[in-house]
Amino acid sequence: MTSFRICRTRCFVGGLLVCLPATWSVADSDLPATGSSSVFSTSRTLGDEQRVADLIEALGSERYVERREAEQELLEIGMVAFDQIDAATEHVDPEISASCRFLVSEMTVRWTRRDDPPEVKKALTNYAGQPDSYRISVVTRLGARGDRWAIAPLCRICRYDPAPEVARQAAIALLRTDEYPLNYTIDDAATLLHEIGASVRPQAEWVRLLAAQIDDPHSVADAWSEAVEQATFAADVTQDDGTLTQQISELLRNLVRIQIDTNDVDAALTAVDRLVRQANVDPAEELERLLSWTAVASTSDLLDQLAERYAAELNSSKSGLYLLARMRAGQGRGQLAEDLADRAFSAPANRGVVGTPQGRLEVATVLLNEGHVEWGRRELRAAIAKAGPATAIYSQAAMALAYSLHDWELNAEATEVLAAFTNPLRADSDLAAQYNRLYEQGQRSQMLRIYPLNEIEAYQHYFDACRQQAQGDVDAQWRALQQAYKLDDSNADIIIAMYRASDGNLERRETALAAIEKRARTLEQAIGEYPSSVYRASSFYNEWAWLVGNTEGDFRKAVRYSQKSIDLFDEQMAIDRSIKPEDNAGRLDTLGRCYFSAGDIELAIEYQSQAVKYLPHQRVLQRQLDEFRQAQAAAQP
């Protein structure tokens with residue numbers, strides 16, 4: 001790294017005086033080549049900046065020769081002059097602004113540096129020239145990590161990426177609004193200022209405000225509010241409404257966080273009002289997201305005022321009443337929470353599906369994910385009671401309920417729930433044919449997955465095998481697993497259970513190994529057949545890694561495949577905004593298992609902890625984390 005001394009060490013950001021480091025660095029590869037006619041040496045002065053400013057003005061000269069000479073000299077100066085040239089793309093002189101846009105497009109940004117960690121080099125390799133959606137997926141992957149080494153590359157993207165949408169998204173990723181605490185240090189603030197340099201892009205101002213926020217949240221409240229207003233009116237007109245709304249909403253969420261940090265409840269409420277209006281969503285939806293912040297959930301005064309302010313909206317919907325119930329449960333007001341949950345259970349479902357099984361299924365999914373298991377199971381049982389015997393809703397609700405029971409190791413009940421669905425269909429060929437036609441025709445009921453009958457029956461026997469295992473009846477467990485495997489030989493969990501149940505029995509072990517080999521080979525073929533289907537390929541990579549990581553084989557390859565599945569998932573998430581980071585918990589769970597099997601317990605715990613953080617109420621994830629930690633403790637001398 002080579003340092004440049006600059007005289008201007010302070011700047012005003014949104015009316016706030018922010019101190020910049022006395023020195024700032026660029027990668028050695030960003031320097032002009034030796035022998036260049038650049039006016040820059042290893043020391044940049046205000047005179048150098050003035051020279052660049054003069055050259056930019058010369059781009060608007062009436063004389064063609066002067067324009068071309070200025071353009072050539074600016075290209076020779078290169079990346080050191082990038083920020084000034086980038087700022088001039090908005091010059092009032094259309095000739096100058098057009099020339100500066102051309103110069104920016106001609107400059108070669110070295111996206112990786114020699115001192116970048118391997119994760120950054122991997123993420124930014126071949127970054128240039130990729131479509132916006134791909135570059136946003138890179139930002140998503142870097143931002144999701146939460147590691148300090150991600151600060152520099154995100155600032156790099158924010159400062160240099162030619163697409164405003166991508167550059168802004170990098171700044172948004174640095175705000176880390178998925179969690180309440182920023183978890184930055186003063187050293188991180190210095191890194192933010194150092195990396196963003198002298199950029200005058202709007203998102204660079206956000207980064208500088210973030211650096212000041214780390215040190216003193218109160219000092220930047222007004223400046224952040226002004227920045228939100230400027231973003232609203234000055235955002236690039238080419239952005240689609242969804243992206244613009246999403247990015248400004250993230251700025252507003254950060255503003256809410258600042259107001260909570262400074263104990264200004266009234267200002268926080270005002271910011272929430274703006275956020276609800278900006279996002280144009282049901283208040284319950286936005287309040288639900290804010291409730292995931294521990295600082296909000298633990299601030300009784302703020303919760304009470306939010307509940308009062310949005311009382312009409314929250315009390316008029318099923319999801320709103322359940323949100324109130326969850327808020328009161330978090331405050332330790334158990335009886336009030338139960339009363340509200342009872343009202344929610346009897347209330348019409350959202351979005352016009354009044355009292356339908358589908359509406360109950362939708363809200364049950366949220367309740368289960370939030371850990372309100374009994375409320376969620378009650379909704380699922382009500383959905384089952386209302387649904388017809390050979391319907392997609394019944395199968396979906398039955399599978400969700402059975403899995404919830406299995407997660408709590410209530411496998412006898414889980415088996416009974418699925419048997420109640422499958423037995424009538426096996427006893428009535430017309431019903432079975434009706435359901436099979438529904439599946440074979442690929443019909444979907446409000447985007448719900450329709451499980452094939454054999455798959456549901458396979459899970460029924462698998463859960464029964466888990467019950468037998470808990471009772472210590474290995475033979476009965478094996479018989480149940482064999483029944484499950486005959487019904488669905490593609491289910492990795494069944495094959496893994498066969499492998500573990502075969503320990504000490506050579507014949508059974510050979511059967512299990514044959515099943516593993518068969519499924520692994522099928523998945524390898526599927527990976528080759530669907531290279532362009534990102535989401536499907538991600539699933540195949542993940543399943544192969546899960547199967548091998550839990551049994552035997554090439555564990556290092558399993559780690560690579562698991563990481564590949566996560567990379568592909570991140571790409572898909574950047575394209576499809578309906579996919580959320582927490583949907584990646586299962587893949588992180590796989591990566592944790594693969595690292596554990598490969599002998600890297602520390603990384604196993606790291607990734608398993610991420611999975612638990614996304615889905616803290618899924619006990620199966622916590623059980624695997626406990627297993628890893630116990631192994632780590634046992635390995636200590």
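The values are calculated or read from the model by the stated rules, or taken from the named source; none is laboratory data. Since this is a predicted model, take the numbers as computed values, not measurements. Ideal geometry is used to build each Cβ from the backbone, glycine not excepted, and the neighbour counts take in all protein chains shown. SASA here: full protein model, heavy atoms, side chains in, ligands and nucleic acids out. Shrake-Rupley method; radii C 1.70, N 1.55, O 1.52, S 1.80 Å.
Mind telling me which of the residues Leu523, Leu588 ends up being under 20 Å from the mean Cα position of the chain (by Cα), at pLDDT 95 or above, assigned to a helix (DSSP H, G or I) and surrounded by 15 or more Cβ atoms within 10 Å (Cβ to Cβ)?
After applying the criteria, what remains is Leu588.
Among the numbered criteria (1) at pLDDT 95 or above; (2) more than 15 Å from Leu481 (Cβ to Cβ); (3) surrounded by fewer than 18 Cβ atoms within 10 Å (Cβ to Cβ), which one does Ala514 miss?
Condition (2) is where Ala514 drops out.
Considering Asp475, Asp503, Asp489, which residue is more than 26 Å from Gly599 (Cβ to Cβ), outside any helix (DSSP H, G or I) and not hydroxyl-bearing (Ser, Thr, Tyr)?
Going through Asp475, Asp503, Asp489 in turn, just one is more than 26 Å from Gly599 (Cβ to Cβ), outside any helix (DSSP H, G or I) and not hydroxyl-bearing (Ser, Thr, Tyr): Asp489.
Condition first: among the acidic types (Asp, Glu), modelled with pLDDT of 95 or more and in a helix (DSSP H, G or I). Can you find one or more residues in the range 414-431 that meet it?
yes
Could you list all residues from the range 88-104 that are under 34 Å from the mean Cα position of the chain (by Cα) and either without any contact (Cβ under 8 Å) to a residue 40 or more places away in the chain or over 14 Å from Pro162 (Cβ atoms) (or both)?
The initial filter retains those residues of the range 88-104 that are under 34 Å from the mean Cα position of the chain (by Cα), namely 89-90, 101, 104.
Hits for the range 88-104 are Thr89, Glu90, Arg101.
Just for helices (runs of 4 or more DSSP H) wholly inside the range 156-248: which have at least 3 residues that are open to solvent by 10 Å² or more (accessible area, probe 1.4 Å) and over 22 Å from Val138 (Cβ atoms)?
Values: elements: 164-175, 186-196, 202-215, 221-234.
Fully inside the range 156-248 and qualifying: 186-196, 202-215, 221-234.
Could you identify the single residue in Ile566, Ile579, Ile605, Ile601 that is surrounded by 15 or more Cβ atoms within 10 Å (Cβ to Cβ), farther than 26 Å from Glu524 by Cβ and within 21 Å of the chain's Cα centre (by Cα)?
Going through Ile566, Ile579, Ile605, Ile601 in turn, just one is surrounded by 15 or more Cβ atoms within 10 Å (Cβ to Cβ), farther than 26 Å from Glu524 by Cβ and within 21 Å of the chain's Cα centre (by Cα): Ile605.
Output the residue which, of all residues in the range 108-134 that are open to solvent by 20 Å² or more (accessible area, probe 1.4 Å) and among the hydrophobic types (A, V, I, L, M, F, W, C), is modelled with the lowest pLDDT.
Val109
Among what's in the range 526-563 and is assigned to a loop (DSSP other than H, G, I, E, B) and touching a residue at least 12 places away in the same chain (Cβ under 8 Å), pick the residue that is nearest to the chain's Cα centre (by Cα). Reasoning before the result, please.
Here is the first cut: in the range 526-563, the ones assigned to a loop (DSSP other than H, G, I, E, B) are 530-533, 550-554.
Remaining after also requiring touching a residue at least 12 places away in the same chain (Cβ under 8 Å): 550-553.
Working: Asn550: 25, Thr551: 29, Glu552: 30, Gly553: 30 Å.
Ranking the candidates gives Asn550 first.
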